[in-house]
Amino acid sequence: MQVDSGGSGKKGERKKMDTRVDFTPMVDMIMLLLTFFMLATTLSKPQTMEIALPSKEKGDEKNQTLAKASEAVTLYLGADNKVYYFMGEPDLTTPNFLKSTTYAADGLRALILNKNRKAVTQVNELKDKKLRLQITQEQYDKELSKIKVQDGTPTVIIKPLDNSNYDNLVSALDEMLITSVGKYAITEVDENDKKMLTNSGVDFAVKK
Amino acid sequence: MPKIKVKRKDTWIDMTPMSDVMVLLLTFFMLTSTFLKPEPVTVATPLSVSEIKIPEKNVMSVLISPTGQVFLDIDNPNDRIAALEKMASAYNIQLTDKEKYEFSIATSFGFPMQSFKQFMALPEEKRNEELPKLGIPKDSTDNQFKGWVLAAREVKGKDMVIAIKADSETPYTSIKSVMGSLQDLKENRYNLITSLREVETTPAATAAK
């Protein structure tokens, strides 16, 4: 419909009614709502981390692959964001056997990266390949899981102490993800661990 | 010779197609978006670099507050009712339709079954006020948490995903007791809900390259 919006009509001519409605404010509002919904939907989806714990059944204990001592790293997650660790075989007698580190990039991560250098290099190469679209996602996933559990990669045993918190556990698991460690387990602290912790002067009781 | 009339330009732009499209988009986003349900206790989830998203359906979420209280949420209202019925019959509670309905539309729940009747009799605002003080009992003498998990697993089948959402400050002992209860029921796979953290390339990682 062609309607003259100006008032330039000739004298005497009947003024035509302007039927146009200004949509601008409506469009403004809708734009605002749209932006809100778009942002709200993408931001509200939480991330997750998938973990599988060993089952408590007795029969499964045999299936638990005994880690080679040379490849084992045992981490104790302690209070105040500290991590105590030892490599290889446990030693129940030596005082201060456990070394301590933190969750910072130059602490735990550097430690495990050092142990897992071979796998990390391979994972980086693989990621590079995927970026250049030389392999598909499926191939990538398959290769990745193969690299992560190959011989020579460390087995990390995570033992959270009672005075640690949830954040510590997630941070430790996160480091496993960053450093491409495929073999890790969360287990409870046993009597031998307690002995070692006491020898090294680590407090593992819950603060009241 | 007539004067050349300069036609006045009409500056009015027709917004109708634009608003049409926008309304369409808006409707799409409104319908597809799912809103976060309010939770009885606010938890600040720890950060991680994991980018896996939580599945949308068939999720049972376990909420653990910084003080160790446990709350549960089952996503489908019908499944909630079915799980509640199982628990109620185990604790000899007669449910009314009103209670079932109100339970199905409520947010995360967490109360001892013994006080279910009293709790549901409260008006809604009062319930929201009371809920953060309660929690599902999970001590060895009366482990109702296990009961709920069993009921939910029966209702939802083997594809149900268990998501654990806990505060960064939650002590490990609380997590241990929850995971221990789940392990007793042979539930060994969980999703830990985290917030995204940007992964920074460390000097060590590039050195290893």
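The values are calculated or read from the model by the stated rules, or taken from the named source; none is laboratory data. Given the structure is predicted, the values throughout are model-derived calculations rather than measurements. Backbone-built Cβ (ideal geometry, glycine too); neighbour counts: all protein chains shown.
No other residue among A:Leu33, A:Leu75 is of a type outside the set (S, T, N, Q), modelled with pLDDT of 85 or more, more than 20 Å from A:Asp151 (Cα to Cα) and out of contact with any strand residue (DSSP E or B) (no Cβ under 7 Å at 6 or more places or on another chain) apart from A:Leu33. Residues of region B:151-170 that are closer than 23 Å to A:Ser171 by Cα and in contact with a helix residue (DSSP H, G or I) (Cβ under 8 Å, 6 or more places away or on another chain): B:Ile162, B:Ile164, B:Ala166, B:Asp167, B:Ser168, B:Glu169, B:Thr170.
Taken over region B:148-161, the criterion of being on the phi < 0 side of the Ramachandran plot and surrounded by fewer than 20 Cβ atoms within 10 Å (Cβ to Cβ) is satisfied by B:Leu150, B:Arg153, B:Glu154, B:Lys158, B:Asp159, B:Val161. Considering only residues in region B:48-101 that are of a type in the set (Lys, Arg) and assigned to a helix (DSSP H, G or I), the one that is farthest from the chain's Cα centre (by Cα) turns out to be B:Lys98.
Screening A:Thr48, A:Thr65, A:Thr41 for residues that are modelled with pLDDT under 75, under 43 Å from the mean Cα position of the chain (by Cα), among the hydroxyl-bearing types (Ser, Thr, Tyr) and not in a loop (DSSP other than H, G, I, E, B) leaves exactly one candidate, A:Thr41. Residues in region B:1-50 that are closer than 30 Å to B:Gly68 by Cα and modelled with pLDDT under 75: B:Thr34, B:Phe35, B:Leu36, B:Lys37, B:Pro38.
Taking region B:106-204 as the region of interest, the helices (runs of 4 or more DSSP H) fully inside it that hold 3 or more residues being over 29 Å from A:Arg109 (Cα atoms), away from chain A (no Cβ under 11 Å) and in contact (Cβ under 8 Å) with a residue 40 or more places away in the chain are B:144-156. Out of everything in region B:6-28 that is closer than 14 Å to A:Val27 by Cα and charged (D, E, K, R), what residue ends up being surrounded by the fewest Cβ atoms within 10 Å (Cβ to Cβ)? For region B:6-28, the residue satisfying everything is B:Asp14. Of all residues being more than 21 Å from A:Lys118 (Cα to Cα) and among the aliphatic types (A, V, I, L, M) in region A:145-196, which is nearest to the other protein chains (Cβ to nearest Cβ)? Just the residue, please. If we take residues in region A:145-196 being more than 21 Å from A:Lys118 (Cα to Cα) and among the aliphatic types (A, V, I, L, M), then A:Val170 is nearest to the other protein chains (Cβ to nearest Cβ).
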